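Asker: First the structure, then my questions, so here it is.
The values are calculated or read from the model by the stated rules, or taken from the named source; none is laboratory data. A quick note: this is a predicted structure, and the numbers were derived from the prediction, not measured. Ideal geometry is used to build each Cβ from the backbone, glycine not excepted, and the neighbour counts take in all protein chains shown.
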Amino acid sequence: MHHIFQRFVDGLNDSHDPNGFRSTLEEAALALDLPCFAYARMPAQIDGAVSLIASYPSIWTDHYFECHYEALDPVILMAHQSVEPFVWGEEWNESNLTERQKAFFEEAAVFGIRCGFTIPIRDGDGPIAAVTFASSEKRESFVRSITMNRRVLQLMAISLHCHARRKLWPSNIVAGVQLSAREMECLVWATQGKSAWATAKIIGVSDATVRFHLANVRTKLRVCSLRQAVALLNRGQTCNS
Amino acid sequence: MLVLVTPDRYGSFIDELTQMHALRYRVFKKRLDWEVETAAGMEVDSFDALQPTYLLRRDGDGAVSGCVRLLPSQGPNMLRNTFPVLLDGRECPAGPDIWESSRFALDQAHLGQVAGIVSSSTYELFAGMVEFGLSRNLSTIITVTDVRVERILRRAQWPLARLGTARALGNTKAVAGSLEISRTALMRLRHAGNLHGPALWVPVIDEAA
């Protein structure tokens with residue numbers, strides 16, 4: 001197993017765009033004998049766009065986004081709520097699924113996706129990404145191999161996240177200073193003229209949380225007012241464009 | 001005992017690395033309540049994608065109870081890219097003989113029971129950092145830390161030379177500083193910590209296929 005992991009992190013290290021990541025995921029999925037391995041970046045709002053890098057068959061992912069399955073996909077919805085990793089598929093949560101969700105799982109099965117293991121990734125405010133290992137196996141044997149390889153799968157998941165975070169996410173650098181994703185989000189809404197209260201409503205966190213992030217933005221950028229921070233962001237964007 | 005985990009050997013230390021991220025979760029998320037990203041009870045940030053070298057403290061039973069992350073100062077690092085505000089407008093020190101340490105963590109049980117007394121695990125990890133530095137011909141380790149760790153460093157006789165003013169960041173009072181790497185510094189730490197030999201052990205071959 002350590003060779004698979006070493007090849008995987010070496011591959012991540014050499015990956016600099018979504019295609020590089022995809023082939024690294026494909027190679028690892030093959031080595032782990034899993035048909036699918038995926039990284040989903042979750043939007044702050046539950047109805048925002050999910051971006052996906054996956055070793056899934058592209059015919060399935062294209063179909064998935066065309067039908068806007070991300071809005072009803074029970075795995076995405078569960079990853080929004082859950083802090084803990086979870087196993088899904090085959091008798092999972094059946095009674096809670098709507099008819100459309102049941103039909104969605106049946107369609108996924110046609111593409112060889114029957115069950116999976118999903119690791120949600122969160123920051124202080126909520127879900128930001130999820131890593132999924134999916135399988136066409138019977139649930140029972142899949143759970144056995146997940147249990148056996150739990151540590152390495154978790155380490156693969158966070159390694160994947162930190163590389164994706166560094167190379168594929170917007171850089172969040174303002175005036176040479178790295179802001180966190182939430183700090184950047186709050187600052188961007190401030191540039192749109194939104195108050196802390198309005199931003200809190202938009203991104204679904206508390207008023208105090210937005211104020212906390214904006215206070216950190218001011219400290220990190222070494223400015224006294226939010227207006228100055230907004231000016232720094234705007235100046236940077238003019239220079240970059 | 002401390003082990004040195006370099007990027008080419010991550011695969012040989014899957015268990016230890018998983019435990020390290022879990023330790024960081026317990027310390028930075030649970031105990032200190034920092035704004036960090038977590039998954040499956042582990043903490044990770046984008047600097048972990050820069051192929052850092054880790055020093056890990058392993059107990060007799062194999063449990064990882066301490067860690068520190070090391071990155072060259074000439075590449076991206078926390079002080080230069082995330083917290084330059086702590087430098088009061090000065091340039092971030094950089095050079096082949098300077099590395100940065102971050103995510104220094106020790107399990108609660110290894111912090112020591114008595115206030116004002118530095119635990120032997122803390123001395124061991126500090127000595128390991130100096131030994132690593134000497135083995136790579138470093139002169140300095142720079143770091144972003146908080147005033148709490150700054151006090152511990154002073155008590156351990158390995159004082160932090162401040163690179164800027166301490167500032168409130170999130171819920172902690174953060175400070176940037178540099179630490180001396182020298183034989184003298186190592187001897188002082190060994191003497192103060194009652195350490196009798198090397199703290200850091202390094203694997204010399206890759207595991208067989």
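Asker: For region A:83-127: of the residues being in contact with a strand residue (DSSP E or B) (Cβ under 6 Å, 6 or more places away or on another chain), at pLDDT below 90 and within 11 Å of chain B (Cβ to nearest Cβ), which is nearest to residue B:33 (Cα to Cα)?
Answerer: A:123
Asker: Follow-up question, since we're still on this one. Scan region A:141-184 residue by residue and report those that are among the charged types (D, E, K, R) and at pLDDT below 85.
Answerer: Initially, region A:141-184 is screened for residues among the charged types (D, E, K, R), giving A:144, A:150-151, A:165-167, A:182-183.
Residue satisfying the conditions is A:182 alone.
Asker: Report, ordered by the first and then the second residue, all pairs with beta carbons closer than 7 Å, sequence separation of six or more or different chains, a first member in region A:153-179 that is in a loop (DSSP other than H, G, I, E, B), and a second member that is among the charged types (D, E, K, R).
Answerer: A:179/A:220
Asker: Go through region A:50-62 and give me each residue that's surrounded by 15 or more Cβ atoms within 10 Å (Cβ to Cβ), in contact (Cβ under 8 Å) with a residue 24 or more places away in the chain and not hydroxyl-bearing (Ser, Thr, Tyr). Break it down into steps so the answer makes sense when it comes.
Answerer: Restricting attention to region A:50-62, the residues satisfying the condition of being surrounded by 15 or more Cβ atoms within 10 Å (Cβ to Cβ) are A:50-56, A:60-61.
Retained after the next criterion (residues that are in contact (Cβ under 8 Å) with a residue 24 or more places away in the chain): A:50, A:53-56, A:60.
Matches in region A:50-62: A:50, A:53, A:54, A:60.
Asker: Looking at region B:43-52, can you tell me whether even one residue there is surrounded by fewer than 18 Cβ atoms within 10 Å (Cβ to Cβ), among the polar types (S, T, N, Q) and in contact (Cβ under 8 Å) with a residue 24 or more places away in the chain?
Answerer: Checked against the condition, which is being surrounded by fewer than 18 Cβ atoms within 10 Å (Cβ to Cβ), among the polar types (S, T, N, Q) and in contact (Cβ under 8 Å) with a residue 24 or more places away in the chain, region B:43-52 yields at least one hit.
Asker: Oh, and also: Taking region A:111-143, which residues are of a type in the set (Val, Ile, Thr) and either part of a strand (DSSP E or B) or crowded, with 24+ Cβ neighbours inside 10 Å (or both)?
Answerer: Initially, region A:111-143 is screened for residues of a type in the set (Val, Ile, Thr), giving A:113, A:118-119, A:121, A:128, A:131-132, A:143.
Within region A:111-143, A:118, A:119, A:121, A:128, A:131, A:132 qualify.
Asker: Which one of these does residue A:136 not meet: (1) more than 14 Å from chain B (Cβ to nearest Cβ); (2) over 19 Å from residue A:56 (Cβ atoms); (3) more than 18 Å from the chain's Cα centre (by Cα)?
Answerer: (2)
Yes/no matrix, rows are residues, columns are (1) farther than 21 Å from residue B:35 by Cβ; (2) crowded, with 18+ Cβ neighbours inside 10 Å; (3) more than 8 Å from chain B (Cβ to nearest Cβ); (4) β-branched (Val, Ile, Thr):
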| position | (1), (2), (3), (4) |
| --- | --- |
| A:174 | no, yes, yes, yes |
| A:178 | no, yes, no, no |
| A:187 | no, yes, yes, no |
| A:192 | yes, no, yes, no |
| A:199 | no, yes, yes, yes |
| A:203 | no, yes, yes, yes |
| A:206 | no, no, yes, no |
| A:224 | yes, no, yes, no |
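Asker: Applying the selection to region A:5-29, what residues are in contact with a strand residue (DSSP E or B) (Cβ under 7 Å, 6 or more places away or on another chain) and either within 17 Å of residue A:165 (Cα to Cα) or free of Cβ contacts under 8 Å to residues at least 24 places away in the same chain (or both)?
Answerer: Keep residues of region A:5-29 that are in contact with a strand residue (DSSP E or B) (Cβ under 7 Å, 6 or more places away or on another chain), which gives A:18, A:21-22, A:25, A:28-29.
A:18, A:21, A:22, A:25 - these are the residues of region A:5-29 that are in contact with a strand residue (DSSP E or B) (Cβ under 7 Å, 6 or more places away or on another chain) and either within 17 Å of residue A:165 (Cα to Cα) or free of Cβ contacts under 8 Å to residues at least 24 places away in the same chain (or both).
Asker: As an exercise: evaluate residue B:103 against (1) at pLDDT 95 or above; (2) closer than 25 Å to residue B:183 by Cβ and give the number of the one condition it does not meet.
Answerer: Tallying (1) at pLDDT 95 or above; (2) closer than 25 Å to residue B:183 by Cβ, residue B:103 fails exactly one: (2).
Asker: May I pose another question? Tally up the residues in region B:26-55 that are more than 10 Å from every other protein chain (Cβ to nearest Cβ) and not in a loop (DSSP other than H, G, I, E, B), please. First the steps, then the outcome.
Answerer: Restricting attention to region B:26-55, the residues satisfying the condition of being more than 10 Å from every other protein chain (Cβ to nearest Cβ) are B:26-28, B:30-32, B:52-55.
Now restrict to residues that are not in a loop (DSSP other than H, G, I, E, B): B:26-28, B:30-31, B:53-55.
Matching residues across region B:26-55 total 8.
So that you can scan it fast, the table gives a plain yes or no per residue for (1) at pLDDT below 95; (2) within 19 Å of residue B:192 (Cα to Cα); (3) assigned to a loop (DSSP other than H, G, I, E, B):
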| site | (1), (2), (3) |
| --- | --- |
| B:125 | no, yes, no |
| B:128 | no, yes, no |
| B:137 | no, no, yes |
| B:141 | no, no, no |
| B:152 | yes, yes, no |
| B:158 | no, yes, yes |
